[in-house]
Amino acid sequence: MFSKKTIKDIEVFNKVVLVRVDYNVPMEGGEIENDLRIKASLPTIDFLLSHGAKKIILISHLGRPEGERRTELSLKPVAERLREILRGSVIRTQTGKMPVVKFVPEVQGEMVSEATAELPDGGILVLENLRFFKGEEENSEEFMRAIVEATGAELFVQDGFAVIHRAHASTVAVTKMLPAVAGLLVEKEVTILESTMKEPEKPVLVIIGGAKVEDKEPLIEKFLPVADKIAVGGKIAADGYKSEDPKIYVAEDFAIDDEVDGLANGSMDRAGKKLDIGRRATREILEMIHDAKTVVWNGTVGLTEKHPFEMASKTIARAIGNRRDITSVICGGDTTGFVENLQKVEPELEYSLISTGGGASLELLSGLELPGLECLEDK
C-alpha cells in the first residue's frame, strides 16, 4: 500500500496548487518528438481541476542547461502542447470550462506574480525551465521560497516520478515550505514497482539489457530472490557477462555489424561488433515471456538506433505488449523511449507500466531511498 498522502487525502478546493511534473520530453529542432510525459500528468491535473483547485502552477525541468538560459530548452513549446492536448480532452474545470493554459518565461519575481494574479480560476500556469537556475539542482531553499512567494502556492504536489531520486529544490526544499503530497502518477508508479518487488505474481521474468555492467549488476542481485528467471542481453552480454546462477540466462549468440547478410543464413559468429542478440537468444527469451506472469524489462538488448539491430528488442516488446494476462513493467530511459516509439505505430501493444522514471525506477527497484518521496507527508 502507498504510504504517503496523495491529492485524494487532502482538500484542494479553492487552493493555489504548485505541481512538480516531469515535462522533460525529447526535443528535436524545437519540436516535441514524444508527448507521453505530458499526457502522463493529465490524471493529476484532471483531479485537481474537478475538485475545484483555484489555480495550478506547473514546474518542471527540460534537458541539462546547467544553470544557464538556453532558448532550445524553454518549456514554452511544452506549454503549447499541453494546451493542445487539453483542448482535445474531456478535462474541464469545476464550472465546466476548458482550462486556460498560460506560460511565463520566469520562475519567480514580479512577472510570475502578475501572471498568477491574471490567471483565471481553474487556469494552469507553466513556469520556465527550473534548471535555467542553479538554485534548482543546489536544493536551494531561498530559490524555492521565491517561487512559492511569487505564485502564492498553498499546497505542493509531487507528480514528477522521474526526479524523485534527486535532492533538488523542487523535490526536497519545497516540502519544507508547503504541505506536500503525491500526485496520481507518483502513486501509480511507486505502487506498481514496489508490488513487483514485494508480491509479484509468479513466474517472474526479469530482462536486463543495456551497456554498463556496473549499473546492472546491483539490479540483477536485487532481483535474484524475486525472479524465477533473469535474461541478460545487450552490450553487457556481448562483453562477456557471466553468471553461474541457474536462474540467470546470458545471451551467447549475436548479430554482427559487418555481417548483416549473415542474419539470413545463420552466420552470427564472425568477427565484428556484437550489436544485437541473435535469433537463438531471442527465441529463448520469447519462451520465457510465454511462461511468465510478471515481466520486468530494463535495458534494450541491442543497439536499437541502428537498423537492423533493433529487431530483437522490437520482437521482445511485441511479445510482452501482446500479453494481456500478465503484469508488465518497462523501465529505464532507453527502454521506455524505445517502447513508447513502437507504440506510436503499433498502438495495440499494452503494458501495465511504462515508467517515466529511468534512474528513479532503478533506484526504487534496487531498494534505495528516494529523497523526493521520503519527504512527502505520511498517511
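A few comments on the model shown:
- Of all the listed residues (247, 229, 235), the sole one being modelled with pLDDT of 90 or more and in contact with a helix residue (DSSP H, G or I) (Cβ under 6 Å, 6 or more places away or on another chain) is 229.
- Residue selection: residue 128 satisfies the criterion of being under 22 Å from residue 69 (Cα atoms) and buried (at least 20 other Cβ atoms within 10 Å of the Cβ).
- Residue count for segment 145-171 under the criterion of being closer than 15 Å to residue 190 by Cβ and of a type outside the set (A, V, I, L, M): the result is 6.
- The residue that is farthest from residue 37 (Cα to Cα), counting only those in segment 185-218 that are open to solvent by 30 Å² or more (accessible area, probe 1.4 Å) and among the hydroxyl-bearing types (Ser, Thr, Tyr), is 195.
- Selection from segment 297-318 of residues that are under 13 Å from residue 339 (Cα atoms), of a type in the set (A, V, I, L, M) and crowded, with 20+ Cβ neighbours inside 10 Å: 301, 312, 316, 317
- When segment 278-323 is filtered for residues that are among the aliphatic types (A, V, I, L, M), within 18 Å of residue 248 (Cβ to Cβ) and in contact with a Leu (Cβ under 7 Å, 6 or more places away or on another chain), the ones remaining, listed by number, are 288, 289, 292, 295.
- Some residue of segment 319-337 being at positive phi and within 18 Å of the chain's Cα centre (by Cα): yes
Quick grid of which residues meet (1) within 20 Å of residue 61 (Cβ to Cβ); (2) hydrophobic (A, V, I, L, M, F, W, C):
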| position | (1), (2) |
| --- | --- |
| 337 | yes, no |
| 341 | no, no |
| 346 | no, no |
| 350 | no, no |
| 353 | no, yes |
| 363 | yes, no |
| 367 | no, no |
| 373 | yes, yes |
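- Of the residues making up segment 147-184, those that are of a type in the set (Gly, Ala, Ser), at pLDDT 95 or above and buried (at least 18 other Cβ atoms within 10 Å of the Cβ) are 150, 153, 160, 169, 170, 173, 180, 182, 183.
- Yes/no for residue 106 being over 19 Å from residue 14 (Cβ atoms), open to solvent by 10 Å² or more (accessible area, probe 1.4 Å) and of a type in the set (D, E, K, R): yes
- Set 68, 72, 106, 136: member being acidic (Asp, Glu) and touching an Asp or Glu at 6+ places or on another chain (Cβ under 7 Å): 106
- Identity of the residue in segment 43-58, touching a helix residue (DSSP H, G or I) at 6+ places or on another chain (Cβ under 7 Å) and farther than 18 Å from residue 129 by Cα, that ends up most open to solvent (accessible area, probe 1.4 Å): 43
- Out of 374, 305, sole residue that is farther than 29 Å from residue 19 by Cβ and out of contact with any Gly (no Cβ under 9 Å at 6 or more places or on another chain): 305
- When we screen 357, 332, 367 for residues that are in contact with a Gly (Cβ under 6 Å, 6 or more places away or on another chain) and at pLDDT below 85, the only hit is 332.
- Scan of segment 332-368 for residues that are open to solvent by 40 Å² or more (accessible area, probe 1.4 Å), touching a residue at least 24 places away in the same chain (Cβ under 8 Å), of a type in the set (A, V, I, L, M) and not in a loop (DSSP other than H, G, I, E, B), ordered by number: 362
- Pick from segment 59-81, criterion of a type in the set (S, T, N, Q) and crowded, with 18+ Cβ neighbours inside 10 Å, ranking: farthest from residue 152 (Cα to Cα): 74
- Here residue 135 does not fit the description of being within 26 Å of the chain's Cα centre (by Cα), at negative phi and surrounded by fewer than 22 Cβ atoms within 10 Å (Cβ to Cβ).
- Breaking point among (1) free of Cβ contacts under 8 Å to residues at least 40 places away in the same chain; (2) part of a loop (DSSP other than H, G, I, E, B); (3) in contact with a strand residue (DSSP E or B) (Cβ under 6 Å, 6 or more places away or on another chain), for residue 230: (2)
- Of everything in segment 2-35 that is on the phi > 0 side of the Ramachandran plot and in contact with a helix residue (DSSP H, G or I) (Cβ under 9 Å, 6 or more places away or on another chain), the residue that is least open to solvent (accessible area, probe 1.4 Å) is 30.
- Listed conditions (1) open to solvent by 50 Å² or more (accessible area, probe 1.4 Å); (2) within 22 Å of the chain's Cα centre (by Cα); (3) of a type in the set (Asp, Glu) are all met by residue 287, apart from (2).
- Per-region count, segment 165-176, residues part of a loop (DSSP other than H, G, I, E, B) and in contact with a strand residue (DSSP E or B) (Cβ under 8 Å, 6 or more places away or on another chain): 2
The values are calculated or read from the model by the stated rules, or taken from the named source; none is laboratory data. Values in this document were obtained by computation on a predicted structure and should not be read as measured data. With ideal geometry, Cβ positions are generated from the backbone for all residues, glycine too; neighbour counts draw on all protein chains shown. For the accessible areas, the whole protein counts, side chains as well, though only heavy atoms, and no ligand, DNA or RNA atoms are used. Shrake-Rupley method; radii C 1.70, N 1.55, O 1.52, S 1.80 Å.
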